[in-house]
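Below is one structure, written out as structure tokens; comments come after it.
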Amino acid sequence: MEDKELYIAALEKKLAELSGIEVDQIKKNQLANASSEARAIREMAEYVEGIQVKQAGQAIAGKVNPQVAAMFAHIKAELGEERGAHALPPLQYDYGALEPHICTTIMQIHHTKHHQGYINNLKAAVEKLVEAEKANDTATINNLLPAIKFNGGGHLNHTIFWTNMAPNAGGEPSGPIAEAIKKDFGSFQSFKEKFSGASVGVKGSGWGWLGYCSKNDKVVVATCQNQDPLQLTHGLVPLLGLDVWEHAYYLQYKNLRADYVKAFFNVINWANVNDRYEAARKAAGH
């Protein structure tokens, strides 16, 4: 409990140092300048709340950005959730099961506070989206995209992240994913160095990913800023994701992101990554 209180106190101190984030920054996905995910979540909640839907007959019809529907399609594919029926997925292990690599307090706060925050905001955005659709207010629908993408991405990314980890895991993979890594990176060590370097090098807040390119039938390393989903950003199917937002490691590793990335390899659930890889290849017809 003492560690949790110290973490919250440190987080509050950091929040007090922030001057806030402009709505334009949110729209341009520049939330990497914010050093607190809690602040970013709150700013996005305020953004959604501030959007006003025009009354029927006043709205101007137009074309809805296809990323709105795509975001919900990706969420449904991962979680089986219909639009608006979003809920915090339970972990398949205890909060302390990843010790000593990721501490109990981080896991508990990360799952119950941060992930839940994205879900709350996503549901609020969906309520506003339904209202805008009834009024045929295309402009408002498109204005909701940053909130849907940020919070929907946060929900999707974290869901994948939790399944990508497991106690008594890590080491080197086996099976088809191991063969793919060897084919496309030369060796597991080469992949590890590339994935680690990309994840450590994310500017501000974001994610490191191992993704599948269905067009070229290859596995590749990529990064995304903030909570941008891998599918919408790079057109890749997510296989393995690493959250490098500061909240994911600061309590335990301070500002040593590289140490956190190194520790992550001790908890990777390669069976889950392999399942995702095989499913992605099958869906692509390979």
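The values are calculated or read from the model by the stated rules, or taken from the named source; none is laboratory data. Computed from a prediction, not measured in an experiment: that's the story for all the values here. Every residue, glycine as well, gets a Cβ built from its backbone with ideal geometry; the counts of neighbours run over all protein chains shown. Surface areas here come from the heavy atoms of the whole protein model, side chains and all, with no ligands, DNA or RNA. Shrake-Rupley method; radii C 1.70, N 1.55, O 1.52, S 1.80 Å.
Observations on the structure shown:
- Percent carbon-and-sulfur accessible area, the stretch 178-260, ignoring ligands, DNA and RNA, probe 1.4 Å: 49 percent
- Entries of Lys113/Lys282; Lys149/Lys203; Lys149/Lys218; Lys192/Lys215 with Cα pairs more than 31 Å apart: Lys113/Lys282
- Using heavy atoms of the protein chains and a probe of 1.4 Å, the accessible area assigned to Thr223 is about 50 Å².
- The percentage of C-alpha pairs in the stretch 170-286 whose separation is greater than 19 Å is 44%.
- Cleavage-rule hits, trypsin sites (Lys or Arg not before Pro), the stretch 230-283, DSSP coil, Cβ neighbours within 10 Å at most 15: Lys254
- Prolate/oblate/rounded label for the stretch 218-281 (Cα gyration tensor, a/c 1.5): oblate
- Rolling a 1.4 Å probe over the protein heavy atoms gives the stretch 186-260 an accessible area of 38 Å² per residue.
- The GluC sites (Glu not before Pro) of the stretch 67-97 meeting both criteria, a DSSP state outside H, G, I, E and B (loop) and at most 14 other C-beta atoms within 10 angstrom of the site's C-beta, are Glu82.
- Rolling a 1.4 angstrom probe over the protein heavy atoms with all chains in place gives the stretch 83-137 an accessible area of 45 Å² per residue.
- Low-density loop cleavage sites - chymotrypsin sites (Phe, Trp or Tyr not before Pro) in the stretch 140-203, where at most 14 other Cβ are within 10 Å (DSSP): none
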